[in-house]
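Have a look at the structure below, then the notes.
Computed from the coordinates by the stated procedures, all read-outs in this text should not be read as laboratory data. Owing to the predicted nature of the structure, the values given are computational and were not obtained by experimental measurement. Here the Cβ positions follow ideal geometry from the backbone for every residue, glycine too, while neighbour counts run over all protein chains shown.
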Amino acid sequence: MTSFFEKIHSVFKSAVESYKTRDGSYSVNYVSFVVILVIFCTAVLCGKSLWIPFSRIENLHVRSAGLAAADAFSAFASGTGLDKLVPRAREAFLSVSGLSENIAWNERYFNRRQNRAGVDIKEPSASEPGTAGVPEAGTVADDSVSVTESPALPVRVPGTVSSLHTLHSSADPLRVYMFGDSQVYSLGIGLSRLAGKNSPLYVDYLPVHSSGFIRQDYFSWNQMIEDTFSESAYDTGILMLGMNDYQNFWDDDGKVVVKETEAWEAAYRKKCLSIIDAALMYLPKIYWLGMPVVKNSTYNGHLSYIEKIQKEIASEYSPDILVYVPLRDTIPGNGKPYSDVFVTADGKQIKTMSDDGSHFTVEGGQIVMKPLFDMLCRDFLFSELPIAHMPE
């Protein structure tokens, strides 16, 4: 066996030497051959997952060509079975490292490409969401994915719509589930801090960076909603999506839908309704958070456009089951320009926006969630009213 490998090594070494020039460097043909070989091997080993980097190319023509090439390599890799090597190595790594329990690595929700018939072509895994703690005051939203860890609460039957007439207390608190894009990080913590510990109001939150109503292929909120609410019972939900939705996308027929057109707005409405209706199958009421005022004027205009459409969609529902909650009315205030500080009644200034000019700070999350906190206290029954703990 040793002599066999020695012969292979000798042949390979001779082949490499033949590509060297007189000064000892490698020829252009050899370098080109190695580059092409590496690209081919990488493409084959990546298999179906090769569509992910190509789908993020901004130029639509280059993206279409890349996706077509990805499909060709995927078909070859699937036929030869070579596309199984990398996924198996990935699963082994996640198992050894303990990351298989972290939602950020969960293929059940991330990067789920669909074919033109709308059928998911990625096999789901059985991983569960991970957890993360509450950061120190003054921190801002980051790119991580986290969810709060539930304390010991009375058992309720999951997968059923909770009653609006249940009497809540610190022993059996109102269970709120907030989910959406990275903005939910500081908003979820802010609402949780407003309620405080041992409160009649308990908040779970799940922020997923770069997610939205549009890119279900990037992160499937429909699948997450089904899994989460069929396993755990909540009394109400808070939805925050749209920060990343101002973009073109493909429809089920493979055609590009251009933003700020009637076709885009109709398709966007359909995507919003899909997620909202999925959540209403399990929740008696949902609070839909609006877009913030951000520092960049162009981005702020995009968010204003998104909020306009979202308000129109929300108006189709009864306010008994869906309430659209504008954030701009609180920070910076109705009709006011962007500001990253909030001035309290006693003149104290509180930093409400992070340095990126788009995300709230945790203190900003507390302040902007106060109107929603009051709504929850009004819309649900409590034997002891929750007390709002504002930032000091």
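Determine, from the Cβ-Cβ distance of S64 and S297 and an R0 of 35 Å, the FRET efficiency 1/(1 + (r/R0)^6), rounded to the nearest 0.05.
Approximately 0.65, to the nearest 0.05.
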How large is Rg/Rh for the stretch 151-259, to two decimals, with Cα atoms and a Kirkwood Rh?
-> 1.06
Roughly speaking, what is the stretch gain from R269 to V341, that is 0.36 nm per residue apart minus the C-alpha to C-alpha distance, in nm to one decimal?
-> 22.5 nm
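Can you figure out the FRET efficiency of L385 with V258, using R₀ = 45 Å and their beta-carbon distance, to the nearest 0.05?
Calculated value: 0.40.
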How large is Rg over Rh for the stretch 213-264, taking Rg from the Cα atoms and Rh as the Kirkwood inverse mean of 1/r across Cα pairs?
-> 1.08
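On a 28 Å Cα-Cα criterion, which of the cross-link pairs K295/K348; K259/K285; K270/K336; K197/K348 come out too long?
Distance filter (> 28 Å) returns K259/K285; K270/K336.
Where does the charge balance sit around L280 when Lys and Arg score +1, Asp and Glu -1, over other residues with C-beta under 13 Å from its C-beta?
It works out to a net charge of -3.
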Once you list every other residue whose beta carbon is under 13 Å from the beta carbon of Y317, what net charge do they have if Lys and Arg are +1 and Asp and Glu are -1?
-> -1
Within the stretch 350-383, the residues whose backbone N lies under 16 Å from a label point placed 7 Å from the Cα of S315 along the Cα-to-Cβ direction are none
Gyration tensor (Cα only) of the stretch 220-334 to equivalent ellipsoid, semi-axes in Å sorted down, yields 24, 20, 12
